[in-house]
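The values are calculated or read from the model by the stated rules, or taken from the named source; none is laboratory data. Quantities reported herein were computed from a predicted structural model and do not represent experimental measurements. Reconstructed Cβ throughout: ideal geometry from the backbone, glycine too, with neighbour counts over all protein chains shown.
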Amino acid sequence: MARTLFDEDYYRRFYSDKPVHTKRKIGQLAQAVDSFCQWWDLPVRSVLDVGAGPGYWRDWYKENRPRVTVHSTDISEHACKKFRHELRDITTWRPERTYDLVICHGVLHYLTDAGAQKAIENLAVACRGILYVEAPTSHDLEHVVDKRATDMNVRSRSGQWYRRQLGKHFVQAGAGMWVSRKVSLALYELERTKD
């Protein structure tokens, strides 16, 4: 399971003075992902946010798309209590329903290989439309992330590893978005990566 304890100290360290992601930045990301879903004629009526943390995605939908149902979950008892999420572990929990948009932001790189594979399988079962994933790869951890502001106590995996696992269930559309293979969506060749 995760090697980091997602307790009050964790949230104080990574979400207080200089957070890795601010509510405003996540709002911009949520708007972009939601707009792409609209562009592709994949209406977002339901959202599953796995590892919801401070709940910024849920808050954006509540403020901007109040008719959208958002189910937010987290493995952290602290986050669930403070930010009102359902306590769930995506490595063992398989949702009973499906969602138009599934968000897995900052989760997979905390899991063991087996845990991440199981999580991806469960995300695939839950997703009937678009999956948004943010997980820094070994390249990102070495060359992209701000090591002073990022929790480096994570699993380092190649982008190829993630693409191989996600590609079993999704088509990569870029910018962290993956289209479920359950969806009939005609993406242009340059809008997707090769299978």
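Table for the structure above
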{"quantity": "Count - residues of segment 147-162 that are touching a Leu at 6+ places or on another chain (Cβ under 9 Å) and not in a loop (DSSP other than H, G, I, E, B)", "calculated": "1"}
{"quantity": "Cβ pairs under 6 Å, 6+ apart, first in segment 178-192 and free of Cβ contacts under 8 Å to residues at least 40 places away in the same chain and charged (D, E, K, R), second loosely packed, with under 14 Cβ neighbours inside 10 Å and assigned to a loop (DSSP other than H, G, I, E, B)", "calculated": "none"}
{"quantity": "Boolean, V68 is touching a Cys at 6+ places or on another chain (Cβ under 7 Å), among the hydrophobic types (A, V, I, L, M, F, W, C) and at pLDDT 95 or above", "calculated": "no"}
{"quantity": "Verdict on A126 being over 22 Å from Q172 (Cα atoms), touching a Pro at 6+ places or on another chain (Cβ under 8 Å) and among the small types (G, A, S)", "calculated": "no"}
{"quantity": "Residue that is nearest to T193 (Cα to Cα), among those in segment 150-166 that are surrounded by 19 or more Cβ atoms within 10 Å (Cβ to Cβ) and aliphatic (A, V, I, L, M)", "calculated": "L166"}
{"quantity": "Residues that are of a type outside the set (V, I, T), in a helix (DSSP H, G or I) and under 21 Å from L185 (Cα atoms), drawn from segment 122-146", "calculated": "L123, A124, A126"}
{"quantity": "Count - residues of segment 167-184 that are among the aliphatic types (A, V, I, L, M) and surrounded by fewer than 17 Cβ atoms within 10 Å (Cβ to Cβ)", "calculated": "2"}
{"quantity": "Any chance R148 is among the charged types (D, E, K, R), without any contact (Cβ under 8 Å) to a residue 12 or more places away in the chain, on the phi < 0 side of the Ramachandran plot and out of contact with any His (no Cβ under 9 Å at 6 or more places or on another chain)", "calculated": "yes"}
{"quantity": "Helices (runs of 4 or more DSSP H) within segment 1-118 that include 2 or more residues within 18 Å of the chain's Cα centre (by Cα) and under 19 Å from L131 (Cα atoms)", "calculated": "23-39, 56-64"}
{"quantity": "Qualifying residue in segment 101-112 (condition: surrounded by fewer than 20 Cβ atoms within 10 Å (Cβ to Cβ) and farther than 19 Å from V33 by Cα)", "calculated": "yes"}
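The rows are residues; the columns are (1) more than 16 Å from V179 (Cα to Cα); (2) without any contact (Cβ under 8 Å) to a residue 60 or more places away in the chain.
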{"position": "C104", "(1), (2)": "no, yes"}
{"position": "Y110", "(1), (2)": "yes, no"}
{"position": "G115", "(1), (2)": "yes, no"}
{"position": "V125", "(1), (2)": "no, yes"}
{"position": "Y132", "(1), (2)": "no, no"}
{"position": "S138", "(1), (2)": "yes, yes"}
{"position": "E142", "(1), (2)": "yes, yes"}
